[in-house]
Amino acid sequence: MKDDTTWIDAKGLLCPLPVLRLRKVLEGLPSGAVALLEATDRASWVDVPHFCAQTGHEMISAEERDGVLTYLVRRK
């Protein structure tokens, strides 16, 4: 993770809270900035890509490791 990446800890939060946190953080970042979202809610696996498609933000990556779903999203 680059030093200028904004980290969002949404572990333990249920739908729709991980996406709402991501949206709020992205709104406060400049265009092109990157946020890293960590979540444990399985629904985020569908919700985050859908959110990015609807809003125009770029989902750089999505992966799961040890039950934690990690998303890198670039603000449009």
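Summary table
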| quantity | calculated |
| --- | --- |
| Residues that are among the hydrophobic types (A, V, I, L, M, F, W, C), surrounded by 14 or more Cβ atoms within 10 Å (Cβ to Cβ) and more than 11 Å from the chain's Cα centre (by Cα), drawn from segment 4-16 | LEU13, CYS15 |
| Every pair of residues 6+ apart whose Cβ atoms lie under 8 Å, when the first sits in segment 43-55 and is free of Cβ contacts under 8 Å to residues at least 60 places away in the same chain and open to solvent by less than 80 Å² (accessible area, probe 1.4 Å) while the second is β-branched (Val, Ile, Thr) and assigned to a helix (DSSP H, G or I) | SER44/VAL19; ASP47/VAL19; VAL48/VAL19; PHE51/VAL19 |
| Positions within segment 18-40 being open to solvent by 80 Å² or more (accessible area, probe 1.4 Å) and over 16 Å from LYS76 (Cα atoms), in sequence order | ARG21 |
| Those residues of segment 23-44 which are under 10 Å from the mean Cα position of the chain (by Cα) and either under 16 Å from GLU63 (Cβ atoms) or hydroxyl-bearing (Ser, Thr, Tyr) (or both), in sequence order | VAL34, ALA35, LEU36, LEU37, GLU38, ALA39, SER44 |
| Considering residues of segment 58-72 that are under 11 Å from LEU37 (Cβ atoms) and touching a helix residue (DSSP H, G or I) at 6+ places or on another chain (Cβ under 8 Å) only, the residue most open to solvent (accessible area, probe 1.4 Å) | MET59 |
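To keep it simple, each residue is scored yes or no on (1) farther than 18 Å from LYS24 by Cβ; (2) touching a Ser or Thr at 6+ places or on another chain (Cβ under 6 Å); (3) at pLDDT 95 or above.
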| site | (1), (2), (3) |
| --- | --- |
| ASP41 | no, no, yes |
| VAL48 | no, no, yes |
| PHE51 | no, no, yes |
| HIS57 | no, no, yes |
| ILE60 | yes, no, yes |
| GLU64 | yes, no, yes |
| LEU69 | yes, yes, yes |
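The values are calculated or read from the model by the stated rules, or taken from the named source; none is laboratory data. From a predicted model like this one, the values you see are computed outputs, not experimental measurements. Methodologically, a virtual Cβ is constructed for each residue, glycine included, from the backbone with ideal geometry; neighbour enumeration extends over all protein chains shown. Remember, those area values only see protein heavy atoms, side chains included, never the ligands or the DNA or RNA. Shrake-Rupley method; radii C 1.70, N 1.55, O 1.52, S 1.80 Å.
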